[in-house]
Structure formats: structure tokens, C-alpha cells
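This report concerns only the one structure given below.
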């Protein structure tokens, strides 16, 4: 199968899950019938000893069982009908339990406000480059205007303005880092969600195939092995990086990432032969999807988020612009002086 979901995306999960539920119940019901009454039995020499059970509804088929001649009759058929209803009820309860556990198990994928996080990342990444360019232009213009100014005050002023520029550069660097991490979180959530949809679509196909095989050939298909590769979201940390000027392109790439474009997607074998095995596979793959997402988030946190503070300290740059001395009030007249030469120099 292709890795891109064809079922309408994350919004289709309810519809797809309902179909998986229905097919699971049907397959479990048929499996219980076969376990209870035995495999499909060819018509014997005495047809009065053979009872035909109409089971299955996606692909209905006639399942034949042998009963003693004395047992054949309306009373026996009524008893078998009651037994079949009990088996269907058991299959229904079992299917509800399987799907309740599945939906509960992906609750954490419902929580992230993916759209809002993506919008925040794009807005933040797009704003930082404009801030940086504006600060640099204002600084260069200001220093050019006072280019003939010399002396201690001129040197102090230039150092002050330069520190403002460095602080703004550090702020932009930090904002870019946050934007990319937000986008990476969006990518991880989207890949996990797409993986869930892929899983539901693949389960529908495999369950449908098993039902068709039973209807056509009978119980022997319980033992047939069906393996299909399912693509799951892999690592996104390799795309997390960049800085001022490139953060926006990285953010957009991460937000729009699908399994088709993921650099390290994983694959698993989907094995469906019986309903119980299908339920186990559904749960196992669901757990792997969540493990993948958790591992990726841990990697982003360890390799990038946790490095922000140490990297900032190592650079020796402050996020806070320097505070001018005049901010605390005008100095005393005798303390306000500068060594700039004479007024005629201006």
C-alpha cells in the first residue's frame, strides 16, 4: 500500500474505526461459530444429518455441520439459532471492548492543538527575520549618522548600540528555535495521526479479505498467513535545525510533512488471520505508533530544547538589551561630561 492515507485524513478516523469494529465483530462471530460447531463439513451420504448455518453478512456463506439424525428438526434448529445469537452477542461485546481500548489508547493524539501550534510556528518564524533585518538596519543607520563622533562617550554609545544588536540577534535565534520545535511537534503529531489512519485502512482491507476467504473456502483460511507492510511515522529530528533566515522554510517543511516525505519512516508487518489475532495486531501497532511519537519528542527535547540555555550561556550573549545609565535618572551636572573634542568638530 502507499504510505499516504487515502481515507480522508485524521478526520476520517471515526468512520474508519466504525468499519473496523463491524468487520472485527463479524469475523469474531464466524470464528466462534467454527470453534463451536467445527469446520465446514461436506454434505454426507445422509443429508438429513446435515444442518446448514447461514453465517456472515459482508460475504454470506453456508456453513455445514453434521448432527445426529434424531437431532434434526425444528426444536434442534431453534436451539442452534439461540446458540448462534449468543455467539453473536459475545462477538459484539468482544468487539466493543477491543475498539474502546483502541480509542482510549490514542487519546493523547487527540489533545495537541496541531493547527494552532502550526500557526504559531509560522507566525513566529516569519516575524523573526523582519525583526532582525530592522534592528540591523537601524543600528547601521544610527552608527553612520554619528560617525564623526569621537571620544569616550562615542565609544560607549557604539558599544551600547552594538550590545542592543547582539541581544536582538539572540532573541531572534531563540524565537527561531522555538518556532522550529513547535513545527517539529506538529510534524510528530501529524505523522502519528496519519499512521493511525493507515492502520485503520489496512485493518479494513485485511479483515475484508479474511471474510471473503472464509465465505469462499471455509475455515481452512484461519491458518493462512497474511502479511502486509504498514508504514508508520519515523524520526523528524534530522530536519530540525536552521537559524535566522531559514527557520521559516524548515517550519513549513515540517508542518506539511507526510509519511511520503518522512526521512525515516518505519514499517511493520500486519498479520491478520483470525479476529483475536487482528485485535492483537491493532493494539500492538497502536502502541508502536505512540512509542515512535514519544521517542521523537524525547529526541527533540534532549537534542534541541534542552540545549537552548547551555548554548546561550556558552555564546556569552544576553537576551536582554543593556540598560542605559540615564534610565535611572539624569546624573549630577558635574558627572555629566564627555570627551569629544570641540563643538567646531561637528
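A quick yes/no check of all residues on (1) within 51 Å of the chain's Cα centre (by Cα); (2) exposed (fewer than 10 other Cβ atoms within 10 Å of the Cβ); (3) at pLDDT 75 or above:
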{"site": "302", "(1), (2), (3)": "yes, no, yes"}
{"site": "308", "(1), (2), (3)": "yes, no, yes"}
{"site": "321", "(1), (2), (3)": "yes, no, no"}
{"site": "335", "(1), (2), (3)": "no, yes, no"}
{"site": "338", "(1), (2), (3)": "no, no, no"}
{"site": "346", "(1), (2), (3)": "no, yes, no"}
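Cβ separations smaller than 7 Å between residues 6+ apart or across chains give no pair from region 290-319 residues that are closer than 20 Å to residue 174 by Cβ to residues that are loosely packed, with under 14 Cβ neighbours inside 10 Å and modelled with pLDDT under 85.
Residue-wise test of (1) surrounded by 18 or more Cβ atoms within 10 Å (Cβ to Cβ); (2) at pLDDT 80 or above; (3) part of a helix (DSSP H, G or I).
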{"residue": "118", "(1), (2), (3)": "yes, yes, yes"}
{"residue": "125", "(1), (2), (3)": "yes, yes, yes"}
{"residue": "128", "(1), (2), (3)": "yes, no, yes"}
{"residue": "138", "(1), (2), (3)": "no, no, yes"}
{"residue": "142", "(1), (2), (3)": "no, no, yes"}
{"residue": "156", "(1), (2), (3)": "no, no, yes"}
{"residue": "171", "(1), (2), (3)": "yes, yes, yes"}
{"residue": "174", "(1), (2), (3)": "no, yes, yes"}
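When region 248-290 is examined, which residues are found to be at pLDDT 80 or above, more than 21 Å from residue 9 (Cβ to Cβ) and out of contact with any helix residue (DSSP H, G or I) (no Cβ under 8 Å at 6 or more places or on another chain)? Residues satisfying the conditions are 277, 280, 284. Beta carbons closer than 7 Å, at least 6 apart along the sequence or on distinct chains, pair a first residue in region 42-61 that is assigned to a helix (DSSP H, G or I) with a second that is modelled with pLDDT under 85 for 48/69; 48/72; 49/66; 49/67; 49/68; 49/69; 49/72. Condition first: touching a strand residue (DSSP E or B) at 6+ places or on another chain (Cβ under 8 Å) and either modelled with pLDDT of 80 or more or farther than 24 Å from residue 216 by Cβ (or both). Can you find one or more residues in region 40-48 that meet it? No - not one qualifying residue is present in region 40-48.
The values are calculated or read from the model by the stated rules, or taken from the named source; none is laboratory data. These figures come from a predicted structure and were not determined experimentally. So basically every Cβ, Gly included, is an ideal-geometry build from the backbone, and we count neighbours across all protein chains shown.
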